[in-house]
Amino acid sequence: MPESSPNTITRNIRVLIADDHPVIRRGLCTILQSEKDIQIVGEAVDGEEACALCRKHCPDVLVLDLRMPKKDGLQVLSELTAWCVSKPHTLVITAHVTEQDIHQALNAGAYAFLLKGANPEQVREAVRKVAKGETFLPPEVELKLTEWKGYGQLSKRENQVLQCLVLGRTNKEIAQALSIGEGTVKHHVKSILCKLNATGRADAVGIAVRRGLLSVC
């Protein structure tokens, strides 16, 4: 295979970083700016600015925090997907991740998903793969996605019953709250336990919290 000519021009990967934490933004910039084939074209501190800077700079890759003010990562992904013009390939990065986060981000169009504790080599590899339109999921994210696929998906009504379970409501109280029969509640509870592979109500709530299906304050 012939060697590349010394005059060959390699186009830099243009990257926009969107994260509301200045330390994280600076860290990502430091990791990526050291690479000759990567150029940082902008930094956004919230979702609205991320969308505005994408329109302005047309980056190849958007490194996007999942949880930001004004517009979160999923809202930004949704807006970018609706564009008729060229849009960046997106690498989602977040501190805490659930199976639902991964599932929703990938469904919204993200190409890669990283935890903020990822090492510099992973970040650089992910950016380069995403720039080429390839996916990148580290082993810990692949595992969570596999766990998600291993569970049955809850229906809208089952999710409503699950929300009642976290409040400790009895079948009778759930039936009254949702205007359904107690027998129907029992059926939904049984289905929830089966789909989540849970041994009881408390176990179902714990699994649901870990999966990101609900949050407990």
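Bear in mind that the values in this text are calculations on the coordinates, not laboratory data. Because the structure is a prediction, the values reported are computed rather than measured. Cβ: placed from backbone, ideal geometry, glycine included. Neighbour counts: every protein chain shown.
Here the relative contact order of region 152-211, from alpha carbon pairs under 8 Å that lie six or more residues apart, stands at 35 percent. Annotation: amide H of F136 within the under-5 Å range of A112, F113, sequence separation 5 or more or interchain, hydrogens built in the peptide plane. With K and R counted +1 and D and E -1, the other residues having a Cβ less than 10 Å from that of M68 yield a net charge of -4.
Positive-end ranking of A95, L28, G109 along the dipole of the chain, with charges on Cβ about the Cα centre, is headed by G109. Listed by chain and number, the lysines whose C-alpha is less than 18 Å from the C-alpha of K186, apart from same-chain residues fewer than 8 away, are K156, K172, K195. The charge dipole of region 152-211, taken about its Cα centre with unit charges on the Cβ atoms of Lys, Arg (+1), Asp and Glu (-1) only, comes to about 120 debye.
Summary value for the chain: 14 percent relative contact order, contacts being C-alpha pairs under 8 angstrom separated by 6+ residues.
Here's the list of lysines a cross-link from K87 could span, going by alpha-carbon distance under 17 Å and ignoring same-chain residues fewer than 8 apart: K56, K129, K132.
Listed by number, the DSSP H helices of the chain that run 24 Å or longer by alpha-carbon position along their axis and have mean Kyte hydropathy of at least 0.0 come to an empty list. Estimated from helices alone, the mean residue ellipticity of the chain at 222 nm is -15500 deg cm²/dmol (sum of -39500 (n - 2.57) over DSSP H runs with n ≥ 4, per residue).
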